[in-house]
1. Kindly list the number of the only condition in (1) surrounded by 19 or more Cβ atoms within 10 Å (Cβ to Cβ); (2) at pLDDT 75 or above that fails for A:Ala52.
2. Might you check whether a residue that is hydroxyl-bearing (Ser, Thr, Tyr), surrounded by 15 or more Cβ atoms within 10 Å (Cβ to Cβ) and under 24 Å from the mean Cα position of the chain (by Cα) occurs anywhere in segment B:357-370?
3. I want to confirm something. Restricting to segment A:186-217 and keeping residues that are part of a strand (DSSP E or B) and more than 14 Å from chain B (Cβ to nearest Cβ), which single residue is farthest from the chain's Cα centre (by Cα)?
4. Which of the following residues is at pLDDT below 90 and open to solvent by 80 Å² or more (accessible area, probe 1.4 Å): B:Glu300, B:Glu296, B:Glu313?
5. If only one of B:Thr282, B:Thr291 is at the interface with chain A (Cβ under 10 Å from one of its Cβ atoms), surrounded by fewer than 21 Cβ atoms within 10 Å (Cβ to Cβ) and modelled with pLDDT under 90, which one is it?
6. Quick one: is A:Asp143 touching a strand residue (DSSP E or B) at 6+ places or on another chain (Cβ under 7 Å), open to solvent by 10 Å² or more (accessible area, probe 1.4 Å) and acidic (Asp, Glu)?
7. Inspect segment B:323-339 for any residue being on the phi < 0 side of the Ramachandran plot, within 9 Å of chain A (Cβ to nearest Cβ) and free of Cβ contacts under 8 Å to residues at least 60 places away in the same chain and give the result as yes or no.
8. Say we look at segment A:76-127 and pick out the residues that are of a type in the set (S, T, N, Q) and buried (at least 24 other Cβ atoms within 10 Å of the Cβ); which of these is modelled with the lowest pLDDT?
Amino acid sequence: MENGEIPENANEHCPGPQSESAGKSDDCQGCPNQEACATAPKGPDPDLVAIAERMATVKHKILVLSGKGGVGKSTFSAQLSYALAAMDFQVGLLDIDICGPSIPKMLGLEGQDIHQSNLGWSPVYVESNLGVMSIGFMLPNPDEAVIWRGPRKNGLIKQFLKDVYWGDIDFLVVDAPPGTSDEHISIVQFLQATGIDGAIIVTTPQQVSLIDVRKEVNFCKKVGVPVLGVVENMSGLCQSLVDFRFIRGTGTDEQIDVTEKVLECMREKAPELLDLVAISEVFDSSGGGAAKMCTEMDVPFLGKVPLDPQLCKAAEEGRSCFVDQKCWVSAPALKSIVKNLLAANQWTEETAMNE
Amino acid sequence: MENGEIPENANEHCPGPQSESAGKSDDCQGCPNQEACATAPKGPDPAVIGNVQNLNTIMFLLPLLFFDAQLKAELSLIYLVAIAERMATVKHKILVLSGKGGVGKSTFSAQLSYALAAMDFQVGLLDIDICGPSIPKMLGLEGQDIHQSNLGWSPVYVESNLGVMSIGFMLPNPDEAVIWRGPRKNGLIKQFLKDVYWGDIDFLVVDAPPGTSDEHISIVQFLQATGIDGAIIVTTPQQVSLIDVRKEVNFCKKVGVPVLGVVENMSGLCQSLVDFRFIRGTGTDEQIDVTEKVLECMREKAPELLDLVAISEVFDSSGGGAAKMCTEMDVPFLGKVPLDPQLCKAAEEGRSCFVDQKCWVSAPALKSIVKNLLAANQWTEETAMNE
């Protein structure tokens, strides 16, 4: 990365357009970019200066990453933002998932537009202290696929960082897509000069997820982003027994729904069963789950969040899970994780002092 | 895509290297590729000539190598011809896509491959998820290496009629992140298609990462000349997933890949009641595990409860789920697969879910989907005729 990005049409051993020998080395012979590299000025990207100005009013930047997709990263980013806003912090939430932007839906902001002011692009505000930015607000038709290669995605991410006016905020939460590719390399490149407090990595308990999380942890180590901690999501389904359906029969054609009869049976014969909570592991954690992986990789383990159908519903409907008691399974776990995070980084006292 | 791929270092409003105004428009001023674009020949996508079957074509192309500025472009031409040759022995190509990550696409690809192999088809499974390759684990092939022969790279065989290729086999350290930008990922995908010797196979199942970006554009570009039978799109029931699936369906329509159908995965957790744990108390600190007592209570007072199966919706399908979306978008709905902890376990352990009865919840559903797929495309009779 020091010597600039290697262009797609460059020769095989391209030294990099920003290197000293760019355009002049033997490997540059015949490369279509040779002349441009030999004559172009080397130096830092001027856009980075603009980004630094925007980020000067942002106290803390947190990346939310995952190795694997579908682990609940955006759900976590959304609920983290709600939690921080509820604690009276000023929060910005930036969605850099260009192909699959989930954040607008999860904050109940579908259909909103981005407005521009003389200060720049204005985030869309869910609450007065929680502003959101996503490509989701820019798509005329939400069903239209965003079929972009890496460079174009990078361009938009840079533009988000350069043009969005966040104002004075305590936390900028950046929700990334899964993986370790263009978006991740770019966001680190663009923000590193101004300081990234760290990354939270979300995973589920099973081994296929943990394999990818290990890669993500190693990505962070490689690019110099501190790992604030790992969250294990979907850590077992937890639901009141009476909220299940019950069936007899094992073939797909022979299923008979017997829910009513079962509840009646319980009421008559064993009423003590009615207030039970049933837990199913769902995603096999016999490998030790995320906690064990954190010990092995020497990164903090922030906590587990159960698989809570009510949390899914809250995400679908764009609500905070902390507002009512519906998410009694998952909200306490999330709250505890946020508190761990703030305490471990000593962010609570800092803001209290500033008030 | 008509106007060629926009190079990474191109100007912002690049018209595309293959467009009429390439190198000549105002937007081209100052672009490093300006001269090359202005002088390079325009023409139909080289992939169109990929139908050629033999090496004589490459000899024909050799004179073009004298033009330095076009060297890279012409090498691409050769790659595409080589890909066409490899794909000539592949009867059907199926892409497995999803809009959203984590919906069970790789699990589905693995089990689909197992199912087809069990039906005595010759199957190849190509994993083009470069950053998060799950396929080796799901087929029980972790730690395997790729061997080369004079015919090319050899897939890793799970069974004699099921071969697998993935970057997962090439990583010296499985924990090491593959931090590659798009162009490098494209290069590897191209190499997989060019260098892997599949032999005569009935199905090539291509497992893609989620989204609609480099890998997806590339795999379609590289394979389209040789024909893609279609794409299966995997989703989960909730709306955040369906939003992304709609995008994926539109991607397929836009690039001309038929949608073979949509699979709704994790369609409700289905588990024997006695396999649950039971607790009392709602706060995280007050939970008391009462599983043993509960089972005893059931045995004594209501033994008819012991052979019940409990279903939880988990992922809200009140929006109508994938079936409704398929009707709206006029694409086939292939079926639902329940969320089955035993299927997760089988995936973790690299096993087929069809071999024993453990996956009694999900295996019938998967089998039914595979049969629907084969019937709808009339692929069963074809192979039967060839035997």
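The values are calculated or read from the model by the stated rules, or taken from the named source; none is laboratory data. Just so it is clear, the model here is predicted, and its values are computed rather than measured. Every residue, glycine among them, receives a Cβ derived from its backbone with ideal geometry; neighbour counts consider all protein chains shown. Each accessible area value is taken on the protein alone, full model and side chains, heavy atoms only, with ligands, DNA and RNA left out. Shrake-Rupley method; radii C 1.70, N 1.55, O 1.52, S 1.80 Å.
1. Going through (1) surrounded by 19 or more Cβ atoms within 10 Å (Cβ to Cβ); (2) at pLDDT 75 or above one by one, A:Ala52 breaks only (1).
2. Yes: one or more hits.
3. A:Gly198
4. B:Glu313
5. After applying the criteria, what remains is B:Thr282.
6. So A:Asp143 fails the test.
7. So far as segment B:323-339 goes, no, none of its residues is on the phi < 0 side of the Ramachandran plot, within 9 Å of chain A (Cβ to nearest Cβ) and free of Cβ contacts under 8 Å to residues at least 60 places away in the same chain.
8. Filtering segment A:76-127 for residues that are of a type in the set (S, T, N, Q) and buried (at least 24 other Cβ atoms within 10 Å of the Cβ), the one modelled with the lowest pLDDT comes out as A:Ser102.
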